[in-house]
Every structure is written in C-alpha cells, then in structure tokens.
Amino acid sequence: MFNLPRLLLHSVAMAGNTGAPLLLRLVAASVSVAEKAGTIVRDVFNSGELGVVEKGGKNDLQTQADRSAQECIVQSLSRQFPKVTIIGEEEPTDEVVDESHLETGLSEEVLKAVCPQDLQAVKDEDVVVWVDPLDGTKEYTEGFLDHVTVLIGVAVNGKAVAGVINQPYYNYKAGPGATLGRTMWGIVGLGAFGVERLVPPADKRIVTTTRSHSNKLVTESIEAMQPDEVLRVGGAGHKVLLVIEGKAHAYVFATPGCKKWDTCAPEAILHALGGKLTDIHGNALQYHRDVKHPNTGGVLATYSDHDWYLGRMPESVKAAVKP
Ligand SMILES: Nc1ncnc2c1ncn2[C@@H]1O[C@H](COP(=O)(O)O)[C@@H](O)[C@H]1OP(=O)(O)O
Ligand SMILES: [Mg+2]
Ligand SMILES: [Mg+2]
Ligand SMILES: [Mg+2]
C-alpha cells in the first residue's frame, strides 16, 4: 500500500521516457506527428475544399493540406523541442494555431530502439529538422494520391541521419478491406522500419523521374541512362520509396527544383537501408541551418551502380546543374 504511489510515479516517468537520447525522442515525436499530418491531408481532400494557391506558377502550388499539415508538424515539434531548429517548406501564417492539429504522442516503437552510439549525445543545437508537410502537391491536386508523402527529416551537423515518411494514401487502390496509409522511419546506423528493401528486376533498367517538373536537362539525362522503362511520377519521397521497394533502379532528377525538405527524410531512410542519395555529380547533400534551400546540383538516388549513373551523366547537363 505504502509503496504504490511511488511505483505509479515511476511508471509515468517511464512512459514519458525522459531519459531517452534527444534523437530518439525527436524521431518518436516525428512518427506520431507525421501520422497526424497524414490524417489532416486525407481530411482536407475529403472536405473537397483544397484551397489551392499558386506560389510560383501552376507547377508550384500550395493547398490547405500543405498549410495545415505544416502547422501540425512545426507547432507540435517546436512546443516539445523549443531549442531545435525546424525549417518547413511553407511560410508560417499569422493565423491562430488550431489546437486540434497538435500532437503530443511519442512512438513507443522508436523509444524502444537502441540509439546508434555516435548519435547518443546529439544536442539541440546540433539538429535541424527539415519539414515537407506535403510532398507531391501538384499530384495531390490532380488525384494521384499515392504520390503524396509527409516528410520529416532530421539532420545532425549538416548530415541527414534520421527520417520519417508518412504516405497517407498507401493502399488506396487495394480495396475497402486494406489499411489506408503507412508510416516509415529510419536512423542511419540502426535501420529502417515500416518499409522493406525489395530488389528490382535484374533483366532491365527502370528509372524514375519527375512527372510535373520536366525540362530539357531532365529529358537528356534520362535518355543518357538508356532505361528500358521510365516511371514519371510525383514527389521526391514517393520516388525514393520506388527505389527502396525495387520498383525502380534509380531516381534521376538533373535540375534544381528539389529542396532540402524534399530530400532529407528520404535520404536518411534510403541510407539507413544501404542505399545512396547525392547530387548528380556525386556530392553529398548538406543540411545545416544556413544552407541554401534548393538542391541546385540535382538528385540521384540508387541502391547499386551509383557510379555508373554518375558516369553516364552528360557533361552538358553537369555544366548546367551545378551544386
Ligand atoms: N520546379 C519546382 N518548383 C517547386 N517545387 C518543386 C519543383 N521541382 C520539384 N519540386 C518539389 O520536389 C518534389 C519532387 O519533384 P517532382 O514531383 O517534380 O519529381 C515536388 O513534389 C515538389 O515538392 P512539393 O510538392 O512538396 O512542393
Ligand atoms: Mg511545394
Ligand atoms: Mg516536396
Ligand atoms: Mg511540399
């Protein structure tokens, strides 16, 4: 009887797991927040009121889902981690925060993981969180719903080390019995969960690239890879998932439109599973807080033969797409 309150106190402290390393707590919070953002993305679509705004022409759109999911992610994480730098794609608005968009949960699965040794002592000031509340906005507005992802990437000292991806419409073509949506997370040095590496066909070369942001450089670089098949689909997160799950051998994007929030989470998960993401010259991407946002050197993501793709990149394209 006498010991019960102390025991209860102890179990509450364990549930909060305040002793877990910052990186694990941040990823655990990001998993819960990305799931919440995914529900917001579906709710806005179901409402039929997309609230589309052109940020930079008809191929650079923002919807109510981008705005509300960004609010959910940035507000939820900054309240829990006030000293961590968080950079989101969308400009903050001066509207009152909708408290129903906030999420305070921590994924137990993540908290149970063992943090890689080299990331155990990470401090708030070492971290930048890169947030793409809705990747594949153009496709979202056109109903290519499985191209959409929510991306939360964690960079430590300028390197992408952890990522969370929610795909709100995963399985949406699989019929009413299927579970809609999935969340994947990974930490470099630990592995990735919620997604499995599958090997692509060995007898052909499948390359994936942009559907809505193509240009001469993109076309020339894709042709140079002599693909048997080209998957033109939306979203940086979605295309990296195609590479991870063996639907494509390489993601080739030889133009500057992709930003740090498009690549940070996918790069970390791909890397955690043994793949590689660089610019089209083979340089590692940088993610420190003062870096310019566009990936001006383009994007190349593969599992194997990375150097082969780099070697086939035309000199004229390399000269036009500088880091
Ligand atoms: N020219 C561009 N202008 C704005 N965003 C771009 C551009 N090119 C790529 N992106 C971003 O990179 C993602 C991957 O590109 P793509 O789908 O064309 O392959 C896009 O979904 C978009 O992210 P977002 O939808 O979050 O704005
Ligand atoms: Mg955008
Ligand atoms: Mg994006
Ligand atoms: Mg976006």
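What follows is calculated from the coordinates using simple rules that are stated; it is not laboratory data. Values in this document were obtained by computation on a predicted structure and should not be read as measured data. Glycine also receives a Cβ, built like all others from the backbone with ideal geometry; neighbour counts cover every protein chain displayed.
A few notes on this one:
- Ordering of 87-98, 233-244, 139-150 by burial proxy (mean other Cβ atoms within 10 Å per residue, highest first): 233-244, 139-150, 87-98
- Across the range 196-233, no residue has a backbone nitrogen under 18 Å from the label position 7 Å along the beta-carbon direction of N283.
- Which of L106, L273, V31, positive extreme of dipole for the chain (C-beta unit charges): L273
- Under 9 Å, Cβ to Cβ, from I206 - net charge with Lys/Arg +1 and Asp/Glu -1: +1
- Each label point was placed 7 Å from the Cα along the Cα-to-Cβ direction; for N215 and E245 their separation is 3.0 nm.
- Summed residue charge, Cβ within 11 Å of G136's Cβ, Lys/Arg positive, Asp/Glu negative: -4
- Computed from point charges on the beta carbon alone (+1 for Lys and Arg, -1 for Asp and Glu), the dipole magnitude for the range 165-323 about its Cα centre is near 400 Debye.
- Modelled spin-label separation between E49 and E223, with each label point placed 7 Å from Cα along the Cα-to-Cβ direction: 4.8 nm.
- Comparing A254, A29, A202 in a Gaussian network model of the chain, where Cα atoms under 10 Å apart are tied by springs, the biggest mean-square fluctuation is seen for A202.
- Length released on extending from E315 to R197, taking residue separation times 0.36 nm less the Cα-Cα span: 39.3 nm
- Kyte-Doolittle mean at least 0.0 and Cα axial length at least 27 Å: DSSP H helices in the chain: 22-47
- The simple spin-label model puts a point 7 Å past each Cα toward its Cβ; for V291 and T179 those points are separated by 3.3 nm.
- Sum of side-chain charges, G194 neighbourhood, beta-carbon under 10 Å (Lys, Arg +1; Asp, Glu -1): -1
- Ordering D279, D132 by the number of other Cβ atoms within 10 Å of each residue's own Cβ, fewest first, gives D279, D132.
- Residues E125, E229, E99, ranked from the fewest to the most other C-beta atoms within 10 Å, line up as E99, E125, E229.
- Legend: ranking of residues E35, E49 from fewest to most surrounding C-beta atoms inside 10 Å; resulting order E49, E35.
- With N counted as the residues of the chain, its alpha-carbon radius of gyration over 2.2 N^0.38 Å works out to 1.00.
- Spherically averaged projected area in nm², based on the convex hull that wraps the Cα atoms of the range 76-193: 9.3 nm²
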